[in-house]
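Notes follow the structure.
What follows draws every value from the coordinates through simple rules; no lab data is involved. Note that the structure is predicted; figures quoted are calculated from it, not measured. Every residue, glycine as well, gets a Cβ built from its backbone with ideal geometry; the counts of neighbours run over all protein chains shown.
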Amino acid sequence: MLKYIDTIRKISKRLLKEKAVDMVIGFRKGTVPMMNEPCFINKPEDVDNLVWNSNCGINLANYLTNRKEKIAVIAKGCDSRNIVTHIIENKVKRDQVFIVGVPCKGMIDRHKIASMLEEEIIEVVEEGNIVIVKSAAFEKRLEKSEILQENCAVCIHRNPVVYDELVAEPVEEQTDIDRYKDVRRIEEMQVEEKNNFFDNFLSTCIRCYACRNACPLCYCPTCFVDESRPQWLGKSIDPIDIKTFHLLRAFHCAGRCTDCGACQRACPMGINVRIFTKKLEKDCFELYGWESGLTLEERPPLDTYKPDDPDSGI
Amino acid sequence: MIHTNLMIRIQGFRHTMKIIRIDKKNWAEHIENLSGSYRLFGPVKDNGSHMFKELNKGELPDLNYFNTTLSPKSIIYPQSEVMLEYSLDENKDNHHVMKEVKKDYPQRAVIGIRPCDAAAFLLVKRNFDTAEYKDTYWTRAYETTTFVGLACNSPQTTCFCQAAGNGPFHEDGLDILLIDMGDYFFAKIISSKGENLLKAAEWETETDAETGGNIIAAMKQKAEDTITASVSTNKLKGQKTTDLFDAPFWEDVAFACINCGTCTYICPTCWCFDIQDEAFGLCGIRMRNWDSCMFPLFTLHGSGHNPRNTNMQRLRQRFMHKLKYYVDKYDNGIQCVGCGRCIRLCPVNIDIRKVCDLMNNYE
């Protein structure tokens with residue numbers, strides 16, 4: 001995946017030079033290990049600031065809306081699916097975006113890697129399928145497959161589903177993957193156990209809303225938690241208010257979530273918030289055979305009514 | 001405020017001579033001695049990361065940690081704090097009256113706070129404890145708390161405490177400074193609160209002040225030498241506010257910002273709050289909750305107008321407050337202690353060091 005960067009820069013430069021687009025949205029090198037910063041480039045001479053590696057987990061579809069420019073965007077499989085969702089939901093027009101598709105082999109899980117070591121990580125380097133994690137005292141070589149973000153480990157749409165240009169040949173899609181093991185584990189719990197699980201799960205939430213704000217789906221002009229007339233939700237760290245926020249936000253994402261993992265990645269407390277949306281993603285798949293963001297031709301199931309919709313979906 | 005700092009420095013000076021040696025094998029027993037007269041708080045590992053929590057009986061602070069994910073500010077300034085309560089039930093005394101919620105402020109001690117986090121309380125004090133206004137919730141909690149610091153022998157790569165006016169062995173805001181020496185701690189007694197805690201813990205093995213002092217000074221130098229991160233702040237005060245406000249770099253800095261509250265909530269020096277009423281049937285409370293200048297609601301007017309309606313305006317406010325307005329108002333450095341939390345935890349890697357340098361060097 002590291003090899004993509006030359007092509008990404010070349011395409012970006014060409015598009016800017018030819019004035020085919022006004023800006024390119026991509027990533028620039030981060031200032032701390034395992035982080036890159038979303039950025040825009042609007043001059044051909046600046047394209048060398050763009051980078052690509054396994055730390056580009058933020059979903060760039062989140063940066064496309066409410067803009068007037070013609071935009072080129074560097075899009076992984078999940079980003080491309082969220083662009084499709086944006087187009088379906090009239091948040092962006094197909095001809096406003098030039099999609100530079102990146103066949104993706106998964107992003108690495110910065111929370112997981114940090115928790116594997118007692119020491120401060122000062123550098124993380126990739127060499128093919130090996131990720132070398134360095135602290136002041138030692139180096140640890142890890143297989144990338146062991147430290148993928150959970151959503152990437154179970155991803156079956158690594159290749160962009162819609163694009164104007166691909167930076168490389170498509171990668172092989174993962175098959176025979178049990179995508180919902182974690183959800184089933186919770187589904188199997190008894191009511192009380194489930195309740196305790198969620199209480200504990202969210203006990204460190206500080207309501208910073210990083211999960212919501214990193215999510216391309218959460219674009220409401222005023223989120224329900226911010227409504228004041230009427231005010232639906234308390235503002236404190238009352239566990240019921242916190243739970244209400246997470247559960248309602250997840251329901252708002254039903255049939256729309258692509259499991260891009262941006263919410264989990266963004267959480268400063270390391271809470272796996274995508275477990276909620278994952279459940280709804282599973283339900284939509286099982287009830288309607290629906291996976292979001294795969295096609296521009298069809299309305300999402302929760303957007304339409306069909307006489308043969310399953311009753312259990314209500 | 002300068003006066004308060006001087007007082008602390010003088011107190012510190014008076015007591016610097018006293019250094020206690022605490023063997024780690026006796027550590028638990030002495031901490032237990034404290035639990036009779038203090039409610040104890042300290043860093044504990046929970047769900048994979050360290051947090052400041054109230055220690056249960058017999059529980060020890062885990063001092064093998066870098067900076068905690070959340071700063072310890074909530075010990076003095078909880079994220080949600082009830083201030084007033086009322087009842088409309090006419091059978092109750094004082095119905096229809098907003099009353100202050102009764103709270104006791106028992107003696108508390110925070111064991112193992114980092115010097116930057118302790119310095120942050122002094123900084124926040126400039127806001128909550130002024131000649132004109134005293135925030136009684138904050139001041140009562142602060143005054144009844146003793147801070148036992150833990151010097152940083154190995155600062156992180158994101159620590160720029162020295163450039164922010166404190167340091168890995170900084171003593172301002174601390175009552176005792178512990179220095180981890182491997183099998184034992186040196187405890188430098190800094191204030192009378194520290195003396196009192198020392199007595200309660202029954203730590204008695206005084207060490208020769210000069211020898212101990214020299215060892216500590218060498219360790220301090222070593223720790224300071226390992227700090228690589230820095231910011232330049234020397235020109236901030238001289239910058240024209242309106243020039244910085246209109247500087248062209250904000251659009252680029254703000255692009256990635258998703259306007260979450262991470263930076264403000266994990267910050268030891270962010271002090272803004274929002275006051276909310278919550279009603280349950282016939283009774284209700286008035287509480288305050290941390291607020292964040294990153295949120296649109298922070299400045300939304302009743303009319304519907306929002307003077308900071310864009311991501312960029314909100315991000316600019318945060319940095320301008322910390323690195324310009326505060327600098328101008330208090331003439332006491334930046335509103336930041338260099339703990340590096342926002343650098344490590346920002347979901348999109350907006351780095352205050354970069355922004356500070358942009359602001360400082362803007363021409």
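A few points about this structure:
- Checking every one of the GluC sites (Glu not before Pro) in region B:172-211 against DSSP loop status and a limit of 16 other Cβ atoms within 10 Å picks out B:Glu202, B:Glu204.
- Using a Gaussian network model of chain B in which every pair of alpha carbons under 10 angstrom is joined by a spring, one finds that among B:Tyr86, B:Tyr77, B:Tyr142 the greatest mean-square fluctuation is at B:Tyr86.
- Phi angles across region A:256-263 convert, under the Karplus curve 6.51 cos²θ - 1.76 cosθ + 1.60 with θ = phi - 60°, into 3J(HN,Hα) values of 10, 5, 9, 6, 6, x, 4, 5 Hz, Gly and Pro given as x.
- Which of A:Val171, A:Thr65, A:Leu247, positive extreme of dipole for the protein assembly as shown (C-beta unit charges): A:Thr65
- Rounded to the nearest 20, the Cβ-based charge dipole of the protein assembly as shown about its Cα centre (Lys and Arg +1, Asp and Glu -1) stands at 1560 debye.
- Rounded to the nearest 500, the 222 nm mean residue ellipticity of chain A from helices alone is -8500 deg cm²/dmol, with -39,500 (n - 2.57) taken per DSSP H run of at least 4 residues.
- At most 12 other Cβ within 10 Å, DSSP loop - GluC sites (Glu not before Pro), region B:80-187: B:Glu90, B:Glu132
- Shape parameters for region A:178-309, alpha-carbon atoms, Rg then Dmax in Å: 15.5, 44
- GNM remark for chain B: springs join alpha carbons under 10 Å apart, and the peak mean-square fluctuation among B:Ile343, B:Ile215, B:Ile227 falls on B:Ile215.
- Taking the DSSP bridge list for region B:51-195 and keeping only pairs wholly inside it, about 50 percent are antiparallel.
- Straight-line cross-link partners of B:Lys220 among the aspartates and glutamates, defined as a Cα under 16 Å from its Cα and at least 8 positions apart when in the same chain: B:Glu171, B:Asp172, B:Asp180, B:Glu210.
- Residues of type lysines that B:Lys45 reaches as a straight line, Cα spacing below 18 Å, ignoring anything fewer than 8 places off in the same chain: A:Lys112, B:Lys53, B:Lys57, B:Lys73
- For the pair A:Glu119 and A:Leu296, label points projected 7 Å from Cα toward Cβ lie 5.1 nm apart.
- Here the 3J(HN,Hα) profile of region A:235-240, calculated from phi with Karplus coefficients 6.51, -1.76 and 1.60 at θ = phi - 60°, is 9, 7, 9, 4, x, 5 Hz, Gly and Pro shown as x.
- Cα gyration tensor category, rounded, prolate or oblate, for chain A with a/c compared to 1.5: oblate
- Under 18 Å from a label point set 7 Å out along the Cα-to-Cβ vector of B:Glu251, the amide N atoms of region A:1-41 belong to A:16-17, A:19-26, A:38-41.
- Only the Cβ atoms of Lys and Arg (+1) and of Asp and Glu (-1) were treated as charged; on that basis the dipole of chain A about its Cα centre amounts to roughly 1040 debye.
- Summarising the strand pairing of the protein assembly as shown, around 70 percent of its internal DSSP beta bridges are antiparallel.
- Ranking of A:Met107, A:Met189 by count of other Cβ atoms within 10 Å, fewest first: A:Met189, A:Met107
- Dipole check for region B:241-360: with +1 at the C-beta of Lys and Arg, -1 at the C-beta of Asp and Glu, and the Cα centre as origin, the magnitude is about 260 Debye.
- Residues whose amide H lies under 5 Å from that of A:Gln149, counting only those 5 or more places away or on a different chain, are A:Met107, A:Ile108, A:Asp109; hydrogens are built 1.01 Å from N in the peptide plane.
- Annotation: the antiparallel percentage among DSSP beta bridges lying fully within chain A is about 65.
- Amide N proximity, region B:275-309 versus B:Asp89 label position 7 Å along Cα-to-Cβ, cut-off under 16 Å: B:279-285
- Along the axis of the charge dipole computed for region B:241-360 (Cβ charges of +1 for Lys and Arg, -1 for Asp and Glu, origin at the Cα centre), the listed residues B:Cys339, B:Asn360, B:Gly302 are led at the positive end by B:Cys339.
- Trypsin sites (Lys or Arg not before Pro) within region A:23-114, DSSP loop, no more than 10 other Cβ atoms inside 10 Å: A:Lys68, A:Lys93
- Look at B:Arg114, B:Arg344 and count the other Cβ atoms within 10 Å of each Cβ; fewest to most, that gives B:Arg344, B:Arg114.
- Dipole of the protein assembly as shown, positive end: most advanced residue of A:Ala210, A:Val92, A:Met107 [Cβ charges, Cα centre]: A:Val92
- GNM top mover of A:Phe201, A:Phe27, A:Phe276 - chain A, alpha-carbon springs below 10 Å: A:Phe201
- Here A:Asp283, B:Asp104 are placed in order of increasing Cβ neighbour count within 10 Å, fewest first, which gives B:Asp104, A:Asp283.
- Under Karplus coefficients 6.51, -1.76 and 1.60, residue-wise ³J(HN,Hα) of region B:351-363 in Hz, glycine/proline x: 10, 4, 5, 5, 5, 4, 5, 4, 5, 5, 9, 5, 10
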